[in-house]
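The next block holds one structure in the form of C-alpha coordinates; read it before the comments.
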Amino acid sequence: MSYINIEKVSKSYNKKDVLKDISFGMEKNEIIAILGPSGSGKTTLLKCILGLEHPDRGLITIDSKSHSDWLSKQRIAYVPQQYANFEYLTVRQNVALAAHDNLTLSSQEILNSLKSVGLHKYADHYPGSLSGGMQQRLALARALAQKTNIVAFDESLSALDVETRHQMQELILDIWVEKKKTFLFVTHDIEEALFLANRIVVMGTRPGSIQQILNIPFEYPRASNLRFDEQFQRLRKGLTFSIRSEMIKGRLVEGQTLKAGALKVGLYIWPGNSPFFYAQDQGLFDKRGLSVELISFSDNREKIEYWKRKQIDILNVSMDTALRLKKQIPETEIISELVLSKGGDALVTREPLESVKQINGKKIALERGEIGEFFLNYVLHKNGLSLDDVILRDMKSDEIGTALINHAVDAAVLWEPWLSKTIELSGAHKLVTSKQYPVFMDVLVARKSFIKKNKKHIEQLKQVFEESVEVFKSDKNHFIRSVAPHVGLGTRELEAQLATLEFFKGSVVEVTRIMNEIRPFV
Ligand code: ADP
Ligand code: MG
(Lines give C-alpha, C1' and ligand atoms only; values in the text may rest on other atoms or scores of the structure.)
(Ligands and ions follow the chains in the order given, each with its own letter.)
Protein backbone atom coordinates (compact mmCIF):
# COMPACT_ATOMS: atom_id res chain seq x y z
CA MET A 1 0.00 0.00 0.00
CA SER A 2 1.31 3.44 -0.91
CA TYR A 3 1.76 6.32 1.53
CA ILE A 4 -1.07 8.27 -0.08
CA ASN A 5 -3.51 5.93 -1.72
CA ILE A 6 -6.23 7.16 -4.02
CA GLU A 7 -8.67 4.54 -5.12
CA LYS A 8 -11.42 4.96 -7.69
CA VAL A 9 -12.21 8.51 -6.65
CA SER A 10 -15.16 10.03 -8.54
CA LYS A 11 -16.88 13.35 -8.10
CA SER A 12 -19.55 15.31 -9.92
CA TYR A 13 -20.91 18.83 -9.58
CA ASN A 14 -24.53 19.42 -10.59
CA LYS A 15 -24.68 15.94 -12.15
CA LYS A 16 -21.66 16.70 -14.35
CA ASP A 17 -18.81 14.21 -13.87
CA VAL A 18 -15.64 16.09 -12.97
CA LEU A 19 -13.51 13.17 -11.75
CA LYS A 20 -14.00 9.60 -12.81
CA ASP A 21 -12.31 6.56 -11.27
CA ILE A 22 -9.06 8.26 -10.29
CA SER A 23 -6.62 5.74 -8.83
CA PHE A 24 -2.94 6.15 -8.05
CA GLY A 25 -0.54 5.81 -5.18
CA MET A 26 2.11 8.14 -3.92
CA GLU A 27 5.14 6.92 -1.96
CA LYS A 28 6.48 8.76 1.07
CA ASN A 29 8.89 11.58 0.13
CA GLU A 30 8.04 11.30 -3.51
CA ILE A 31 7.59 14.38 -5.70
CA ILE A 32 4.67 13.87 -8.05
CA ALA A 33 3.17 16.26 -10.56
CA ILE A 34 -0.45 16.16 -11.60
CA LEU A 35 -0.49 17.56 -15.12
CA GLY A 36 -3.52 18.28 -17.26
CA PRO A 37 -5.25 20.93 -19.32
CA SER A 38 -7.47 23.46 -17.62
CA GLY A 39 -10.79 21.92 -16.62
CA SER A 40 -9.45 18.38 -16.26
CA GLY A 41 -10.28 18.35 -12.55
CA LYS A 42 -6.80 18.85 -11.06
CA THR A 43 -7.94 21.35 -8.43
CA THR A 44 -10.97 19.24 -7.57
CA LEU A 45 -8.73 16.20 -7.08
CA LEU A 46 -6.34 18.21 -4.91
CA LYS A 47 -9.25 19.54 -2.82
CA CYS A 48 -10.38 15.96 -2.23
CA ILE A 49 -6.86 15.06 -1.04
CA LEU A 50 -6.71 18.17 1.17
CA GLY A 51 -10.07 17.24 2.68
CA LEU A 52 -11.72 20.43 1.43
CA GLU A 53 -14.08 18.44 -0.80
CA HIS A 54 -15.48 14.95 -0.42
CA PRO A 55 -15.43 12.44 -3.25
CA ASP A 56 -18.85 11.02 -4.20
CA ARG A 57 -17.26 7.59 -4.49
CA GLY A 58 -13.86 6.10 -3.83
CA LEU A 59 -11.37 6.05 -1.01
CA ILE A 60 -8.35 8.07 0.06
CA THR A 61 -5.98 6.78 2.73
CA ILE A 62 -2.80 8.35 4.09
CA ASP A 63 -0.14 6.35 5.95
CA SER A 64 -2.54 3.38 6.15
CA LYS A 65 -5.07 5.48 8.05
CA SER A 66 -8.42 6.65 6.83
CA HIS A 67 -8.22 10.10 5.29
CA SER A 68 -10.31 11.77 8.01
CA ASP A 69 -8.35 10.05 10.84
CA TRP A 70 -5.05 11.23 9.41
CA LEU A 71 -6.34 14.77 8.84
CA SER A 72 -7.70 15.02 12.37
CA LYS A 73 -4.13 14.93 13.73
CA GLN A 74 -2.03 16.33 10.90
CA ARG A 75 -2.29 18.71 8.01
CA ILE A 76 -1.32 18.89 4.41
CA ALA A 77 0.43 22.19 3.82
CA TYR A 78 -0.89 24.03 0.81
CA VAL A 79 0.73 26.61 -1.48
CA PRO A 80 -1.95 28.33 -3.55
CA GLN A 81 -1.53 30.29 -6.78
CA GLN A 82 -2.50 33.58 -5.16
CA TYR A 83 0.11 34.11 -2.48
CA ALA A 84 -2.60 34.66 0.15
CA ASN A 85 -0.29 36.72 2.35
CA PHE A 86 -1.74 39.22 4.82
CA GLU A 87 -0.73 42.72 3.80
CA TYR A 88 -1.01 44.20 7.31
CA LEU A 89 1.24 41.55 8.87
CA THR A 90 5.03 41.42 8.55
CA VAL A 91 6.79 38.58 6.76
CA ARG A 92 7.57 36.98 10.14
CA GLN A 93 3.95 37.31 11.32
CA ASN A 94 2.71 35.82 8.07
CA VAL A 95 4.78 32.69 8.71
CA ALA A 96 3.56 32.57 12.33
CA LEU A 97 0.07 31.99 10.91
CA ALA A 98 1.18 28.46 10.06
CA ALA A 99 0.66 27.55 13.73
CA HIS A 100 -2.62 25.82 14.45
CA ASP A 101 -4.34 23.67 17.13
CA ASN A 102 -1.77 20.90 17.08
CA LEU A 103 1.24 23.05 16.33
CA THR A 104 3.10 25.84 18.11
CA LEU A 105 6.02 27.60 16.45
CA SER A 106 9.05 29.14 18.16
CA SER A 107 10.55 32.31 16.73
CA GLN A 108 13.64 30.29 15.78
CA GLU A 109 11.48 27.84 13.80
CA ILE A 110 9.85 30.73 12.00
CA LEU A 111 13.23 32.18 11.14
CA ASN A 112 14.47 28.79 9.91
CA SER A 113 11.52 28.57 7.52
CA LEU A 114 12.33 32.01 6.20
CA LYS A 115 15.99 31.02 5.85
CA SER A 116 15.13 27.97 3.76
CA VAL A 117 13.49 30.23 1.15
CA GLY A 118 16.09 33.01 1.52
CA LEU A 119 13.73 35.58 3.07
CA HIS A 120 15.18 35.89 6.60
CA LYS A 121 16.61 39.34 5.89
CA TYR A 122 13.09 40.54 5.13
CA ALA A 123 11.48 39.18 8.29
CA ASP A 124 10.20 42.59 9.37
CA HIS A 125 9.12 43.84 5.95
CA TYR A 126 5.52 43.94 4.84
CA PRO A 127 4.47 41.78 1.86
CA GLY A 128 3.50 44.85 -0.16
CA SER A 129 7.17 45.81 -0.45
CA LEU A 130 8.17 42.39 -1.88
CA SER A 131 8.30 41.28 -5.53
CA GLY A 132 5.95 38.58 -6.81
CA GLY A 133 8.66 35.93 -6.55
CA MET A 134 9.43 36.89 -2.97
CA GLN A 135 5.74 36.85 -2.04
CA GLN A 136 5.50 33.36 -3.46
CA ARG A 137 8.56 32.35 -1.41
CA LEU A 138 6.79 33.69 1.68
CA ALA A 139 3.78 31.48 0.92
CA LEU A 140 6.21 28.56 0.57
CA ALA A 141 7.90 29.41 3.89
CA ARG A 142 4.51 29.36 5.60
CA ALA A 143 3.78 25.93 4.13
CA LEU A 144 7.18 24.58 5.24
CA ALA A 145 6.69 25.95 8.76
CA GLN A 146 3.71 23.64 9.18
CA LYS A 147 6.06 20.74 9.96
CA THR A 148 3.96 18.35 7.98
CA ASN A 149 5.32 15.66 5.71
CA ILE A 150 2.98 16.54 2.84
CA VAL A 151 3.03 19.78 0.88
CA ALA A 152 0.59 20.41 -1.97
CA PHE A 153 1.00 23.07 -4.66
CA ASP A 154 -1.82 24.18 -6.99
CA GLU A 155 -0.47 26.14 -9.98
CA SER A 156 1.61 27.89 -7.34
CA LEU A 157 4.09 29.43 -9.78
CA SER A 158 1.68 30.29 -12.63
CA ALA A 159 1.59 34.01 -11.89
CA LEU A 160 5.38 34.42 -11.99
CA ASP A 161 7.44 35.44 -15.00
CA VAL A 162 9.45 32.64 -16.64
CA GLU A 163 12.83 33.42 -15.05
CA THR A 164 11.41 33.75 -11.55
CA ARG A 165 9.38 30.61 -12.08
CA HIS A 166 12.51 28.66 -13.04
CA GLN A 167 14.32 29.95 -9.95
CA MET A 168 11.39 28.95 -7.76
CA GLN A 169 11.35 25.48 -9.31
CA GLU A 170 15.01 25.05 -8.41
CA LEU A 171 14.39 26.32 -4.90
CA ILE A 172 11.51 23.89 -4.48
CA LEU A 173 13.75 21.01 -5.59
CA ASP A 174 16.55 22.12 -3.23
CA ILE A 175 14.10 22.15 -0.35
CA TRP A 176 12.68 18.80 -1.35
CA VAL A 177 16.14 17.21 -1.57
CA GLU A 178 17.13 18.73 1.79
CA LYS A 179 13.96 18.18 3.83
CA LYS A 180 12.69 14.94 2.30
CA LYS A 181 9.00 15.65 2.22
CA THR A 182 6.16 14.42 0.05
CA PHE A 183 5.44 17.06 -2.59
CA LEU A 184 2.30 17.01 -4.70
CA PHE A 185 2.56 19.51 -7.49
CA VAL A 186 -0.50 20.42 -9.58
CA THR A 187 0.29 22.25 -12.81
CA HIS A 188 -0.74 22.70 -16.44
CA ASP A 189 2.89 23.53 -17.34
CA ILE A 190 4.56 20.53 -19.01
CA GLU A 191 8.12 21.76 -18.53
CA GLU A 192 7.50 22.46 -14.86
CA ALA A 193 6.09 18.97 -14.30
CA LEU A 194 9.05 17.37 -16.08
CA PHE A 195 11.64 19.44 -14.24
CA LEU A 196 10.23 18.74 -10.78
CA ALA A 197 8.57 15.37 -10.69
CA ASN A 198 9.85 11.84 -10.42
CA ARG A 199 6.45 10.73 -11.71
CA ILE A 200 3.81 12.62 -13.66
CA VAL A 201 0.14 11.77 -13.44
CA VAL A 202 -1.34 13.00 -16.72
CA MET A 203 -5.02 13.93 -16.46
CA GLY A 204 -7.36 13.87 -19.39
CA THR A 205 -10.70 15.56 -19.84
CA ARG A 206 -14.20 14.24 -20.50
CA PRO A 207 -14.46 13.70 -17.54
CA GLY A 208 -11.28 14.15 -15.48
CA SER A 209 -9.50 10.79 -15.56
CA ILE A 210 -5.95 9.53 -15.56
CA GLN A 211 -4.57 9.30 -19.07
CA GLN A 212 -1.15 7.92 -18.15
CA ILE A 213 1.41 7.85 -15.36
CA LEU A 214 4.95 8.58 -16.52
CA ASN A 215 8.19 7.77 -14.72
CA ILE A 216 10.68 10.59 -15.19
CA PRO A 217 14.18 9.16 -15.44
CA PHE A 218 16.32 12.16 -14.41
CA GLU A 219 18.42 11.98 -11.22
CA TYR A 220 18.24 14.56 -8.42
CA PRO A 221 19.56 17.15 -7.83
CA ARG A 222 18.47 18.52 -11.18
CA ALA A 223 20.15 21.56 -12.68
CA SER A 224 18.57 24.20 -14.86
CA ASN A 225 20.32 23.02 -18.04
CA LEU A 226 18.30 19.78 -17.82
CA ARG A 227 15.63 21.74 -19.70
CA PHE A 228 17.82 21.59 -22.82
CA ASP A 229 18.59 17.89 -22.52
CA GLU A 230 17.58 15.86 -25.57
CA GLN A 231 15.59 13.28 -23.62
CA PHE A 232 13.87 16.07 -21.65
CA GLN A 233 12.85 17.68 -24.92
CA ARG A 234 11.54 14.43 -26.30
CA LEU A 235 9.45 13.79 -23.19
CA ARG A 236 8.21 17.37 -23.40
CA LYS A 237 7.10 16.84 -26.99
CA GLY A 238 5.32 13.60 -26.16
CA LEU A 239 3.47 15.29 -23.31
CA THR A 240 2.64 18.32 -25.46
CA PHE A 241 0.97 15.97 -27.88
CA SER A 242 -1.01 14.19 -25.14
CA ILE A 243 -2.19 17.41 -23.52
CA ARG A 244 -3.07 18.90 -26.88
CA SER A 245 -5.07 15.81 -27.79
CA GLU A 246 -6.97 16.04 -24.52
CA MET A 247 -7.76 19.68 -25.22
CA ILE A 248 -9.05 18.91 -28.69
CA LYS A 249 -11.20 16.07 -27.39
CA GLY A 250 -12.40 18.04 -24.38
CA ARG A 251 -13.55 21.06 -26.38
CA LEU A 252 -15.55 19.02 -28.83
CA VAL A 253 -17.47 17.05 -26.28
CA GLU A 254 -18.43 20.17 -24.33
CA GLY A 255 -20.93 21.01 -27.09
CA GLN A 256 -22.93 17.94 -26.20
CA THR A 257 -26.38 18.90 -24.96
CA LEU A 258 -28.42 15.71 -25.22
CA LYS A 259 -31.43 17.57 -26.62
CA ALA A 260 -34.50 15.37 -26.77
CA GLY A 261 -35.87 14.82 -30.27
CA ALA A 262 -32.82 16.27 -31.99
CA LEU A 263 -31.15 14.75 -35.05
CA LYS A 264 -28.09 13.12 -33.52
CA VAL A 265 -25.08 13.41 -35.81
CA GLY A 266 -21.94 11.48 -34.86
CA LEU A 267 -18.79 13.14 -36.16
CA TYR A 268 -15.16 12.40 -35.87
CA ILE A 269 -12.50 14.90 -35.01
CA TRP A 270 -11.45 16.19 -38.41
CA PRO A 271 -11.35 19.73 -39.82
CA GLY A 272 -13.50 18.43 -42.69
CA ASN A 273 -16.42 18.73 -40.29
CA SER A 274 -15.83 22.46 -39.82
CA PRO A 275 -19.01 23.43 -41.73
CA PHE A 276 -21.07 21.63 -39.08
CA PHE A 277 -19.27 23.46 -36.28
CA TYR A 278 -19.70 26.77 -38.09
CA ALA A 279 -23.42 26.11 -38.46
CA GLN A 280 -23.73 25.31 -34.79
CA ASP A 281 -21.71 28.34 -33.70
CA GLN A 282 -23.74 30.71 -35.87
CA GLY A 283 -27.11 29.17 -35.05
CA LEU A 284 -27.82 28.14 -38.67
CA PHE A 285 -29.63 24.97 -37.60
CA ASP A 286 -31.96 26.89 -35.29
CA LYS A 287 -32.63 29.40 -38.03
CA ARG A 288 -34.18 26.62 -40.09
CA GLY A 289 -36.05 25.27 -37.10
CA LEU A 290 -33.77 22.25 -37.19
CA SER A 291 -32.87 20.61 -33.90
CA VAL A 292 -29.42 19.05 -34.33
CA GLU A 293 -26.99 17.61 -31.86
CA LEU A 294 -23.40 17.18 -33.00
CA ILE A 295 -21.62 14.47 -31.04
CA SER A 296 -17.88 14.20 -31.59
CA PHE A 297 -15.69 11.18 -31.08
CA SER A 298 -11.95 10.74 -31.07
CA ASP A 299 -12.45 6.98 -31.23
CA ASN A 300 -13.96 6.07 -34.59
CA ARG A 301 -14.85 2.56 -33.58
CA GLU A 302 -16.76 3.81 -30.55
CA LYS A 303 -18.67 6.18 -32.83
CA ILE A 304 -19.73 3.29 -35.07
CA GLU A 305 -20.81 1.24 -32.06
CA TYR A 306 -23.05 4.14 -31.00
CA TRP A 307 -24.67 4.16 -34.42
CA LYS A 308 -25.13 0.40 -34.43
CA ARG A 309 -26.87 0.71 -31.06
CA LYS A 310 -29.06 3.50 -32.53
CA GLN A 311 -27.77 6.11 -30.06
CA ILE A 312 -26.86 8.18 -33.11
CA ASP A 313 -29.07 8.74 -36.17
CA ILE A 314 -26.60 10.01 -38.71
CA LEU A 315 -23.01 8.92 -38.93
CA ASN A 316 -20.05 10.69 -40.46
CA VAL A 317 -17.62 8.07 -41.80
CA SER A 318 -15.10 7.66 -44.57
CA MET A 319 -16.41 6.16 -47.80
CA ASP A 320 -14.58 2.86 -47.26
CA THR A 321 -16.28 2.46 -43.86
CA ALA A 322 -19.63 3.35 -45.41
CA LEU A 323 -19.26 0.59 -48.00
CA ARG A 324 -18.19 -1.87 -45.29
CA LEU A 325 -21.19 -0.91 -43.13
CA LYS A 326 -23.49 -1.40 -46.12
CA LYS A 327 -22.23 -4.98 -46.38
CA GLN A 328 -22.83 -5.64 -42.68
CA ILE A 329 -26.11 -3.74 -42.36
CA PRO A 330 -27.97 -3.62 -45.68
CA GLU A 331 -30.19 -0.82 -44.27
CA THR A 332 -27.19 1.53 -44.50
CA GLU A 333 -27.54 4.30 -47.05
CA ILE A 334 -25.16 7.08 -48.02
CA ILE A 335 -26.98 10.40 -47.54
CA SER A 336 -24.36 12.74 -48.91
CA GLU A 337 -20.70 13.18 -49.79
CA LEU A 338 -19.06 15.86 -47.68
CA VAL A 339 -15.40 16.33 -48.25
CA LEU A 340 -12.44 14.90 -50.14
CA SER A 341 -9.06 14.64 -48.42
CA LYS A 342 -6.24 16.11 -50.48
CA GLY A 343 -3.31 15.87 -48.11
CA GLY A 344 -5.09 15.72 -44.76
CA ASP A 345 -4.29 12.01 -44.35
CA ALA A 346 -0.77 10.65 -44.63
CA LEU A 347 1.62 7.79 -44.08
CA VAL A 348 4.51 9.29 -42.12
CA THR A 349 7.84 7.74 -41.18
CA ARG A 350 10.40 8.54 -38.51
CA GLU A 351 13.33 8.27 -40.93
CA PRO A 352 12.93 9.71 -44.42
CA LEU A 353 12.30 6.97 -47.02
CA GLU A 354 12.68 7.28 -50.75
CA SER A 355 9.85 5.01 -51.82
CA VAL A 356 6.85 3.18 -50.40
CA LYS A 357 8.66 -0.12 -51.11
CA GLN A 358 11.10 0.66 -48.26
CA ILE A 359 8.27 0.47 -45.73
CA ASN A 360 8.56 -3.32 -46.03
CA GLY A 361 9.01 -4.92 -42.56
CA LYS A 362 8.41 -1.68 -40.64
CA LYS A 363 6.25 -1.25 -37.53
CA ILE A 364 3.29 0.97 -38.38
CA ALA A 365 0.80 2.48 -35.92
CA LEU A 366 -2.76 2.97 -37.11
CA GLU A 367 -6.40 2.61 -36.16
CA ARG A 368 -7.39 -0.84 -37.43
CA GLY A 369 -10.63 -1.47 -39.26
CA GLU A 370 -11.03 2.21 -40.14
CA ILE A 371 -9.85 4.67 -42.76
CA GLY A 372 -6.26 4.41 -41.49
CA GLU A 373 -6.07 0.71 -42.35
CA PHE A 374 -7.80 1.26 -45.67
CA PHE A 375 -5.36 4.07 -46.47
CA LEU A 376 -2.34 1.85 -45.82
CA ASN A 377 -3.83 -1.16 -47.59
CA TYR A 378 -4.64 0.95 -50.65
CA VAL A 379 -1.24 2.63 -50.83
CA LEU A 380 0.64 -0.64 -50.31
CA HIS A 381 -1.30 -2.38 -53.09
CA LYS A 382 -0.67 0.48 -55.50
CA ASN A 383 3.03 -0.07 -54.79
CA GLY A 384 3.13 -3.84 -55.12
CA LEU A 385 3.02 -4.60 -51.38
CA SER A 386 0.33 -5.79 -48.98
CA LEU A 387 -0.55 -5.49 -45.28
CA ASP A 388 1.32 -8.78 -44.71
CA ASP A 389 4.59 -7.02 -45.54
CA VAL A 390 4.40 -4.69 -42.52
CA ILE A 391 3.84 -5.01 -38.76
CA LEU A 392 0.65 -3.28 -37.65
CA ARG A 393 0.20 -1.70 -34.22
CA ASP A 394 -3.44 -0.99 -33.46
CA MET A 395 -4.03 2.31 -31.60
CA LYS A 396 -6.54 5.11 -31.16
CA SER A 397 -6.03 8.18 -33.31
CA ASP A 398 -4.71 10.35 -30.49
CA GLU A 399 -2.28 7.66 -29.27
CA ILE A 400 -0.63 7.17 -32.65
CA GLY A 401 1.28 10.46 -32.53
CA THR A 402 2.61 9.70 -29.04
CA ALA A 403 3.88 6.30 -30.24
CA LEU A 404 5.75 7.93 -33.11
CA ILE A 405 7.22 10.71 -30.97
CA ASN A 406 8.40 8.12 -28.41
CA HIS A 407 9.99 5.94 -31.12
CA ALA A 408 7.67 3.02 -30.29
CA VAL A 409 6.95 2.58 -34.01
CA ASP A 410 8.73 3.36 -37.31
CA ALA A 411 5.75 4.82 -39.11
CA ALA A 412 2.12 5.78 -38.68
CA VAL A 413 -1.03 6.55 -40.61
CA LEU A 414 -2.41 9.84 -39.34
CA TRP A 415 -4.95 12.47 -40.22
CA GLU A 416 -5.59 16.04 -39.17
CA PRO A 417 -5.55 17.46 -36.59
CA TRP A 418 -3.10 14.84 -35.20
CA LEU A 419 -1.01 14.78 -38.38
CA SER A 420 0.37 18.34 -38.26
CA LYS A 421 1.01 18.23 -34.53
CA THR A 422 2.87 14.93 -34.75
CA ILE A 423 5.09 16.14 -37.58
CA GLU A 424 5.82 19.36 -35.70
CA LEU A 425 6.80 17.50 -32.52
CA SER A 426 8.52 14.40 -33.89
CA GLY A 427 10.14 15.70 -37.07
CA ALA A 428 8.52 12.76 -38.91
CA HIS A 429 8.41 12.73 -42.71
CA LYS A 430 5.42 12.40 -44.99
CA LEU A 431 5.97 9.41 -47.25
CA VAL A 432 2.66 9.65 -49.10
CA THR A 433 -0.47 11.69 -48.55
CA SER A 434 -4.06 11.62 -49.72
CA LYS A 435 -3.06 14.30 -52.23
CA GLN A 436 -1.33 11.64 -54.35
CA TYR A 437 -4.24 9.22 -53.85
CA PRO A 438 -7.48 11.25 -53.93
CA VAL A 439 -9.85 8.44 -52.93
CA PHE A 440 -10.28 9.32 -49.28
CA MET A 441 -13.57 11.02 -48.66
CA ASP A 442 -16.10 11.56 -45.92
CA VAL A 443 -19.79 10.84 -46.23
CA LEU A 444 -22.89 10.81 -44.04
CA VAL A 445 -24.81 7.58 -43.64
CA ALA A 446 -28.11 6.65 -42.00
CA ARG A 447 -30.55 3.76 -41.97
CA LYS A 448 -33.09 3.60 -44.80
CA SER A 449 -36.00 3.57 -42.34
CA PHE A 450 -34.66 6.70 -40.64
CA ILE A 451 -34.14 8.47 -43.96
CA LYS A 452 -37.72 7.69 -45.03
CA LYS A 453 -39.14 9.28 -41.88
CA ASN A 454 -36.84 12.30 -41.84
CA LYS A 455 -36.51 13.28 -45.51
CA LYS A 456 -37.16 16.97 -44.92
CA HIS A 457 -34.76 17.32 -42.00
CA ILE A 458 -31.98 15.48 -43.80
CA GLU A 459 -32.42 17.77 -46.80
CA GLN A 460 -32.16 20.79 -44.49
CA LEU A 461 -29.06 19.39 -42.83
CA LYS A 462 -27.38 19.06 -46.22
CA GLN A 463 -28.41 22.60 -47.15
CA VAL A 464 -26.97 24.01 -43.95
CA PHE A 465 -23.68 22.21 -44.65
CA GLU A 466 -23.57 23.73 -48.14
CA GLU A 467 -24.48 27.15 -46.80
CA SER A 468 -21.55 26.93 -44.36
CA VAL A 469 -19.19 25.84 -47.14
CA GLU A 470 -20.27 28.94 -49.09
CA VAL A 471 -19.26 31.11 -46.13
CA PHE A 472 -15.91 29.31 -45.99
CA LYS A 473 -15.35 30.27 -49.62
CA SER A 474 -16.55 33.85 -49.42
CA ASP A 475 -15.46 34.90 -45.92
CA LYS A 476 -12.72 32.51 -44.89
CA ASN A 477 -11.39 34.48 -41.91
CA HIS A 478 -14.81 34.84 -40.33
CA PHE A 479 -15.45 31.13 -40.86
CA ILE A 480 -12.11 30.12 -39.35
CA ARG A 481 -12.49 32.40 -36.33
CA SER A 482 -15.90 30.94 -35.65
CA VAL A 483 -14.77 27.30 -35.94
CA ALA A 484 -11.26 27.31 -34.39
CA PRO A 485 -12.34 27.44 -30.72
CA HIS A 486 -14.74 24.52 -31.31
CA VAL A 487 -12.01 22.24 -32.62
CA GLY A 488 -9.30 23.34 -30.19
CA LEU A 489 -7.00 24.68 -32.91
CA GLY A 490 -5.35 28.01 -33.55
CA THR A 491 -6.77 30.01 -36.47
CA ARG A 492 -3.73 29.69 -38.75
CA GLU A 493 -3.40 26.03 -37.82
CA LEU A 494 -7.00 25.40 -38.85
CA GLU A 495 -6.51 27.38 -42.06
CA ALA A 496 -3.52 25.19 -43.01
CA GLN A 497 -5.49 22.04 -42.30
CA LEU A 498 -8.52 23.24 -44.27
CA ALA A 499 -6.20 23.75 -47.24
CA THR A 500 -5.62 19.98 -47.36
CA LEU A 501 -9.22 19.15 -48.13
CA GLU A 502 -11.89 19.94 -50.66
CA PHE A 503 -15.57 20.28 -49.81
CA PHE A 504 -17.46 18.13 -52.20
CA LYS A 505 -18.94 19.67 -55.31
CA GLY A 506 -21.33 16.83 -56.07
CA SER A 507 -20.10 15.18 -59.26
CA VAL A 508 -21.62 11.73 -59.78
CA VAL A 509 -18.76 10.73 -62.08
CA GLU A 510 -16.21 11.51 -59.36
CA VAL A 511 -18.12 9.59 -56.69
CA THR A 512 -18.48 6.58 -58.98
CA ARG A 513 -14.76 6.63 -59.74
CA ILE A 514 -13.89 6.74 -56.05
CA MET A 515 -16.35 3.98 -55.15
CA ASN A 516 -14.91 1.74 -57.84
CA GLU A 517 -11.39 2.36 -56.57
CA ILE A 518 -12.37 1.61 -52.97
CA ARG A 519 -14.62 -1.45 -53.47
CA PRO A 520 -11.89 -4.09 -53.86
CA PHE A 521 -10.51 -3.10 -50.44
CA VAL A 522 -13.63 -3.32 -48.27
P1 ADP B 1 -8.57 22.27 -13.27
O2 ADP B 1 -8.00 22.61 -11.94
O3 ADP B 1 -7.91 21.07 -13.91
O4 ADP B 1 -8.61 23.42 -14.21
P5 ADP B 1 -11.09 22.06 -11.85
O6 ADP B 1 -10.96 20.96 -10.86
O7 ADP B 1 -10.96 23.45 -11.34
O8 ADP B 1 -10.09 21.79 -13.06
O9 ADP B 1 -12.49 21.95 -12.58
C10 ADP B 1 -12.92 20.82 -13.27
C11 ADP B 1 -14.35 21.00 -13.72
O12 ADP B 1 -15.20 21.07 -12.60
C13 ADP B 1 -14.58 22.30 -14.49
O14 ADP B 1 -15.45 22.04 -15.56
C15 ADP B 1 -15.22 23.21 -13.46
O16 ADP B 1 -16.08 24.12 -14.08
C17 ADP B 1 -15.98 22.24 -12.59
N18 ADP B 1 -16.07 22.71 -11.19
C19 ADP B 1 -15.02 22.87 -10.35
N20 ADP B 1 -15.45 23.29 -9.14
C21 ADP B 1 -16.80 23.39 -9.21
C22 ADP B 1 -17.85 23.76 -8.27
N23 ADP B 1 -17.56 24.09 -7.01
N24 ADP B 1 -19.12 23.73 -8.73
C25 ADP B 1 -19.41 23.37 -9.99
N26 ADP B 1 -18.49 23.00 -10.91
C27 ADP B 1 -17.20 23.02 -10.54
MG1 MG C 1 -7.09 24.32 -11.20
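Structural remarks
- Kirkwood Rh, Cα atoms: Rg over Rh of segment 4-231: 0.96
- Across segment 345-433, Cα-Cα pairs farther apart than 15 Å form 49% of the total.
- Size of charge dipole - segment 117-197 - debye, nearest 20, with Cβ of Lys, Arg +1 and Asp, Glu -1, no other charges: 500 debye
- Gain on full extension, evaluated as 0.36 nm per residue between Val508 and Lys179 minus their Cα-Cα distance, stands at 111.1 nm.
- Along the axis of the charge dipole computed for the chain (Cβ charges of +1 for Lys and Arg, -1 for Asp and Glu, origin at the Cα centre), the listed residues Ser449, Gly384, Thr422 are led at the positive end by Ser449.
- Take the chain with all the other protein chains still there, run a 1.4 Å probe, and you get 44 Å² of accessible area per residue.
- Dipole magnitude for segment 348-417: computed about the Cα centre from +1 point charges on Lys and Arg Cβ and -1 point charges on Asp and Glu Cβ, it is near 180 debye.
- Computed over protein heavy atoms with a 1.4 Å probe, the carbon and sulfur contribution to the accessible area of the chain reaches 48%.
- Placed amide H near Gly343: partners under 5 Å, 5+ positions off or other chain: Ser434, Lys435
- Nearest-0.05 FRET efficiency for Ser224 and Asn383, computed from C-beta distance (R0 60 Å): 0.80
- Simple point charges give the picture: +1 on the Cβ of Lys and Arg, -1 on the Cβ of Asp and Glu, and for the chain a dipole about the Cα centre of about 1100 debye.
- Structure-based [θ]222 nm, the chain - -39500 (n - 2.57) summed over DSSP H runs of at least 4, per residue, nearest 500: -12500 deg cm²/dmol
- For Glu367, distant residues with modelled amide H under 5 Å away: Gly372, Glu373, Met395
- Between helix 132-145 and the chain there is an angle of about 70 degrees, using the helix long axis and the longest principal axis of the Cα atoms.
- Between Asn316, Phe503, Pro275, the Cα set farthest toward the positive side of the dipole of the chain (charges on each charged residue's Cβ, about the Cα centre) is that of Asn316.
- Once Rg and the Kirkwood radius are both taken over the C-alpha atoms of segment 97-223, their ratio Rg/Rh works out to 0.99.
- The chain: angle of helix 230-254 to the longest principal axis, Cα-based, in degrees nearest 10: 70 degrees
- In order along segment 512-517, the phi-based Karplus estimate (6.51 cos²θ - 1.76 cosθ + 1.60, θ = phi - 60°) of 3J(HN,Hα) comes to 5, 4, 5, 4, 5, 5 Hz; Gly and Pro are listed as x.
- Order of exposure, largest accessible area first, which applies to Tyr268, Tyr13 with probe 1.4 Å: Tyr13, Tyr268
- Selected from Gln231, Ile60, Thr512, residue furthest toward positive end of dipole (the chain; charges at beta carbon): Thr512
The values are calculated or read from the model by the stated rules, or taken from the named source; none is laboratory data. Nothing here was measured: the structure is a model prediction, and the numbers come from that model. For neighbour counting, all protein chains shown are included, and Cβ atoms are generated from backbone atoms with ideal geometry for every residue, glycine included. What goes into the accessible areas is simple: the full protein's heavy atoms, side chains included, and nothing from ligands, DNA or RNA. Shrake-Rupley method; radii C 1.70, N 1.55, O 1.52, S 1.80 Å.
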